[in-house]
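Novice: Below: one structure in structure tokens.
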Amino acid sequence: MQALKSEDMSQLQLVEREEIDEEEDLFEAIDKLTAHGINAGDVKKLQDAGIYTCNGLMMHTKKNLTGIKGLSEAKVDKICEAAEKLVNYGYITGSDALLKRKAVVKITTGSQALDELLGGGIETMQITEAFGEFRSGKTQLAHTLCVSTQLPTSMKGGNGKVAYIDTEGTFRPDRIVPIAERFGMDPGAVLDNIIYARAYTYEHQYNLLLGLAAKMAEEPFRLLIVDSVIALFRVDFTGRGELAERQQKLAQMLSRLTKIAEEFNVAVHMTNQVIADPGGGVFISDPKKPAGGHVLAHAATVRLMFRKGKGEQRVCKVFDAPNLPESEAIFQITGGGIADAKD
């Protein structure tokens, strides 16, 4: 991708968003409930619990909402009734669903071959999971997406900010600089548009997701990276005795990620580790499978398997996707991030 001319630089600073008015109807702010007879104090309680939009409110069960301090069952019923007037959560036609899909943004990975494999790039409103062994390119793709997400939509970007939750200490801001330069962007401005948090426990990881709703309701985010999604669960829960609880907590966190993706039209990109598959059999040359079991398998919309190729080359295979064929693409890791493989 060619570097941008200096006069185009202003486009990339994310000062103003041309499309912001068109997107307003994607979610209704929770404070609009006050116009429907809901007490401002109760709205504040919802915001303190990480609920900032009516869409987000409808994604919670009444049991969850009554668990918020100061909200009785009667209040919750009244709040939900008011939210239903603002948001249609019933059936819509297939044509309406197709129109809704037009809001989906596809973000370039930096490699044309990889973009073609993904049907245009990483999509918003869904979870994309990248799994593979260490050094297979998962984190390199995450760093490249941190930059490409900030490109204008005319350049296959998302024209939005990035949130990065790091559970393994692998984020390198200095790695962002050459990638930004490759795309012709100002590295300082690119780094300013990335919010970063280091998570140390699975509870911390979940709380960071709760805090994100406030930021996403106010600013134009297009990407959330969780690298890696499973690491802290594997550390904080040990042995078969804790497996059921681990999977339950993992399911709650993945549910939160799904809601963020749909509520704010954000692409969620999570990396995952692999585990040895003792049931893989002798005929499979590399019996490894993604960690997280069925809970994680059902949560991810698109699952990508990464493996090492020759030298700096990497291979990405569509492992599971509702709308993509199971095929492969070869890309390579360069100083400027993910790029097409050279023959």
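Bear in mind that the values in this text are calculations on the coordinates, not laboratory data. What you are looking at is a predicted structure, and each value in this text was computed from that prediction instead of being measured. Ideal geometry is used to build each Cβ from the backbone, glycine not excepted, and the neighbour counts take in all protein chains shown.
Novice: Which one of Thr153, Leu141, Val315 is farthest out on the positive end of the charge dipole of the chain, using unit charges on Cβ (Lys, Arg +1; Asp, Glu -1) and the Cα centre as origin?
Specialist: Result: Val315.
Novice: Okay, helix-only estimate at 222 nm for the chain: each DSSP H run of n ≥ 4 adds -39500 (n - 2.57), divide by all residues, round to 500 deg cm²/dmol; what do you get?
Specialist: -10500 deg cm²/dmol
Novice: Take the alpha carbon gyration tensor of the stretch 30-86, find the square roots of its eigenvalues, order them as a ≥ b ≥ c, and report rounded if a/c is under 1.5; if not, report prolate when a/b exceeds b/c, else oblate.
Specialist: rounded
Novice: Can you compute the charge dipole magnitude of the stretch 211-260 about its Cα centre, using +1 on each Lys and Arg Cβ and -1 on each Asp and Glu Cβ, nothing else charged? Give it in debye, rounded to the nearest 20.
Specialist: 140
Novice: Which percent, nearest 5, of DSSP beta bridges in the chain are antiparallel?
Specialist: 45
Novice: Once you mark the trypsin sites (Lys or Arg not before Pro) that are in a DSSP loop and have at most 16 other Cβ atoms within 10 Å, what is the longest gap between them in the chain?
Specialist: Free of exposed loop sites, the longest segment is 136-309.
Novice: What is the stretch 103-340 by shape, rounded, prolate or oblate, if you read a ≥ b ≥ c off the alpha carbon gyration tensor as root eigenvalues and call it rounded for a/c under 1.5, prolate for a/b larger than b/c, and oblate otherwise?
Specialist: Oblate, since a/c reaches 1.5 and b/c is not below a/b.
Novice: If you don't mind, another one. Provide the gained length on full extension for the span Lys215 to Ala74, in nm with one decimal, where the gain is 0.36 nm per separating residue minus the Cα-Cα distance. Kindly include the intermediate steps, with their values, before the conclusion.
Specialist: Numbers: separation 141, 0.36 × 141 = 50.76 nm, distance 2.94 nm.
That works out to 47.8 nm of additional length.
Novice: Using a 7 Å offset from the Cα along the Cα-to-Cβ direction at both Asn323 and Val87, what is the distance between the two label points in nm, to one decimal?
Specialist: Here the answer is 2.2 nm between the modelled labels.
Novice: So if R0 is 30 Å, what FRET efficiency would Asp96 and Tyr196 give, r being the distance between their Cβ atoms, rounded to the nearest 0.05?
Specialist: Once the sixth-power term is evaluated, E becomes 0.20.
Novice: Mind checking the dipole of the chain: about its Cα centre, +1 per Lys or Arg Cβ, -1 per Asp or Glu Cβ, Debye to the nearest 20?
Specialist: Dipole about the Cα centre, nearest 20: 1040 debye.
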